[in-house]
Amino acid sequence: MAEAKPKTSPKAVKFLFGGLAGMGATVFVQPLDLVKNRMQLSGQGTKAREYKTSFHALVSILRNEGVGGIYTGLSAGLLRQATYTTTRLGIYTILFEKMTDADGRPPNFLFKALIGMTAGATGAFVGTPAEVALIRMTADGRLPADQMRGYTNVFNALARITREEGLSTLWRGCVPTMARAVVVNAAQLASYSQTKQALLDSGYVRDGILCHFCASMISGLVTTAASMPVDIVKTRIQNMRMIDGKPEYKNGLEVLMRVVRNEGFFSLWKGFTPYYARLGPHTVLTFIFLEQMNRLYKTHVLDR
């Protein structure tokens, strides 16, 4: 008789743990997300930059908006994780298990990447409204007082965007958001799984927090380099205003061309430091929280 597959947690638990892991990580890295968004919007359309460095941006935010200012948009960040990360990690885990052989052998790198892209695109669509609110809330503090949107929290932002600009605006930038998610998840989830597997196969590292940390940091670096140009497109489109009844940008390609022409090619990686400083720890914390929750669930529920 074929050996039965080991028991796994229910699908609902996989989705729940994915969202909780992402939300827990966001509490720690929200200030870095704020700095990253401000850097991507600084000097928009010109060679001049509003902030010289990430540190300069952080100091300016603290000086002008106070300590609480660095947590602007936290409610939107948490909702984004509750929607986007819950969906993407839940779908990734389910598909990963379905494609794992009966003898426990995981899918190859190509299938990991395909699973990651599918999970990411689906999660991005679900999470786009929270993403729009997050970008706008984190960008607000850099605007003159008469141009600030003044959203009080993510639900206020979603309600006002729907009322003032129409329901479809909640999905503004959905295509570049999904494109970014495809790149991020293909790189992040596949490189994390592949790196973790390589570390374990080397025999020098055992499965534990050190292994998860090393795999996450390498995964975060790969993901940052690959996804930043798409991320800056997403940020600019979701923060844009209507000028004389017309959108500031027609599409993502126009954003790329204008950034390169007006701000220089390497401006596509503007905010690299806070992006990686955010993505690295966020990746680390998300996977550590996820692995620990799965371990505890297995110990206290499945194995009892």
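For the range 253-271, residues that are surrounded by fewer than 18 Cβ atoms within 10 Å (Cβ to Cβ) and either acidic (Asp, Glu) or assigned to a helix (DSSP H, G or I) (or both) total 10. From the list Pro281, Pro274, pick out the single residue that is assigned to a helix (DSSP H, G or I), within 14 Å of Thr224 (Cβ to Cβ) and either touching a Leu at 6+ places or on another chain (Cβ under 6 Å) or of a type in the set (Lys, Arg) (or both). Result: Pro274 is the single residue among Pro281, Pro274 that is assigned to a helix (DSSP H, G or I), within 14 Å of Thr224 (Cβ to Cβ) and either touching a Leu at 6+ places or on another chain (Cβ under 6 Å) or of a type in the set (Lys, Arg) (or both).
Taking Thr118 as the residue in question, decide whether it is polar (S, T, N, Q), open to solvent by 60 Å² or more (accessible area, probe 1.4 Å) and assigned to a helix (DSSP H, G or I). Judged against the criteria, Thr118 is a match.
Looking only at residues in the range 131-153 that are surrounded by 19 or more Cβ atoms within 10 Å (Cβ to Cβ) and among the hydroxyl-bearing types (Ser, Thr, Tyr), the one that is nearest to Leu34 (Cα to Cα) is Thr138.
For the subset of the range 200-240 comprising residues that are without any contact (Cβ under 8 Å) to a residue 40 or more places away in the chain and acidic (Asp, Glu), which member is least open to solvent (accessible area, probe 1.4 Å)? Among those that are without any contact (Cβ under 8 Å) to a residue 40 or more places away in the chain and acidic (Asp, Glu), it is Asp207. Considering only residues of the range 278-304 that are among the β-branched types (Val, Ile, Thr) and either in contact with a Phe, Trp or Tyr (Cβ under 6 Å, 6 or more places away or on another chain) or at pLDDT 85 or above (or both), which is nearest to Val35 (Cα to Cα)? Ranking the candidates gives Val284 first. Considering the conditions (1) in contact (Cβ under 8 Å) with a residue 24 or more places away in the chain; (2) surrounded by fewer than 18 Cβ atoms within 10 Å (Cβ to Cβ), Gly245 is excluded by exactly one of them, (1). Every condition in (1) in a helix (DSSP H, G or I); (2) more than 21 Å from Leu41 (Cα to Cα); (3) more than 21 Å from the chain's Cα centre (by Cα) is met by Phe125 except one, and the failing one is (3).
Of everything listed in (1) without any contact (Cβ under 8 Å) to a residue 24 or more places away in the chain; (2) of a type outside the set (S, T, N, Q); (3) out of contact with any helix residue (DSSP H, G or I) (no Cβ under 7 Å at 6 or more places or on another chain); (4) crowded, with 20+ Cβ neighbours inside 10 Å, the single unmet condition for Lys250 is (4).
The values are calculated or read from the model by the stated rules, or taken from the named source; none is laboratory data. The structure presented is a predicted model; accordingly, all values stated were derived computationally and were not measured. Here Cβ is always computed from backbone atoms with ideal geometry, including for glycine, and neighbour counts include all displayed protein chains. The accessibility values were calculated without ligands, DNA or RNA, using every heavy atom of the protein model including side chains. Shrake-Rupley method; radii C 1.70, N 1.55, O 1.52, S 1.80 Å.
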